[in-house]
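Below is one structure; the comments refer to it alone.
The values are calculated or read from the model by the stated rules, or taken from the named source; none is laboratory data. Note that the structure is a prediction, hence the values are computed from the model and not measured. In this analysis, Cβ positions are derived from the backbone assuming ideal geometry, glycine residues included, and neighbour counts consider all displayed protein chains. Heads up: the accessible areas ignore ligands, DNA and RNA and are worked out on the full protein's heavy atoms, side chains in. Shrake-Rupley method; radii C 1.70, N 1.55, O 1.52, S 1.80 Å.
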Amino acid sequence: MLDRVKVIQGDITKQAVDAIVNAANTTLLGGGGVDGAIHREAGPHLVWECRKLGGCPTGGARITKGYYLPAKHVIHAVGPIWQGGDCGEEDQLARAYRSVFELVEQHAITSVALPSISTGAYRFPLDRATRIAVRESRACLERNFSLKLIAFICFEKPAYDAYVAAVAETFG
Ligand code: AR6
């Protein structure tokens, strides 16, 4: 299974995969961080398509085309805002990843690149978020044999180190 997982330090907007995942907010109308970068690179058609979706609840995900991105699709996932950990944030984050992988299955996506959802502006602790991301990814790979690649795209070195450790722990 490990041959279907990669940890990469880089920019998700440059990934030529079937789908990249966006760390969006409930409006799906763009924002800062990875969301801003994806909308900038995809061009204005992306927000036009997003407007038609009418938002998405926390823990959910929606799919659009990738437009000018090298990726064919964007899966917009809404992670929770960290509020100290007693408000169900871990479950909500796990649900966001599961929503992503449901769309991956429904759309027969064979390669997907994921950012570290909720660990930027939404302040979810990196190690905890990373363990959830890798655990849900493993659960998906165990049942979806059409999915050939899950790439964790880490913008910064601390995220890269956390993913390398979590992948070793979960798949090792
Ligand atoms: N490629 C890969 N990862 C990136 C990139 C990039 N180009 N840019 C940032 N990251 P954040 P959140 C990393 O804040 O915490 C937005 O305004 C970043 O280093 O983008 O889920 C939305 O509209 C961090 O590790 O998303 C929401 O309002 C990770 O992506 C809100 O922020 C997530 O950081 C969502 O907050």
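Structure notes:
- Apart from one condition, Val7 fits all of (1) in contact with a helix residue (DSSP H, G or I) (Cβ under 6 Å, 6 or more places away or on another chain); (2) loosely packed, with under 15 Cβ neighbours inside 10 Å; the exception is (2).
- Meets criteria (open to solvent by 10 Å² or more (accessible area, probe 1.4 Å), within 24 Å of Thr130 (Cα to Cα) and of a type in the set (A, V, I, L, M)) for Ala94: no
- Count of region 55-94 residues which are of a type in the set (Asp, Glu) and either at pLDDT below 95 or part of a loop (DSSP other than H, G, I, E, B) (or both): 1
- Matching residues in region 1-50 - criterion: being charged (D, E, K, R) and not in a strand (DSSP E or B): Asp3, Arg4, Asp11, Lys14, Asp18, Asp35, Arg40, Glu41, Glu49
- When Ala121 is tested against (1) out of contact with any Gly (no Cβ under 7 Å at 6 or more places or on another chain); (2) hydrophobic (A, V, I, L, M, F, W, C); (3) open to solvent by 20 Å² or more (accessible area, probe 1.4 Å), only condition (1) is not met.
- Residue count, region 38-59 (criterion: within 21 Å of Ala133 (Cα to Cα) and either within 14 Å of the chain's Cα centre (by Cα) or among the basic types (Lys, Arg) (or both)): 3
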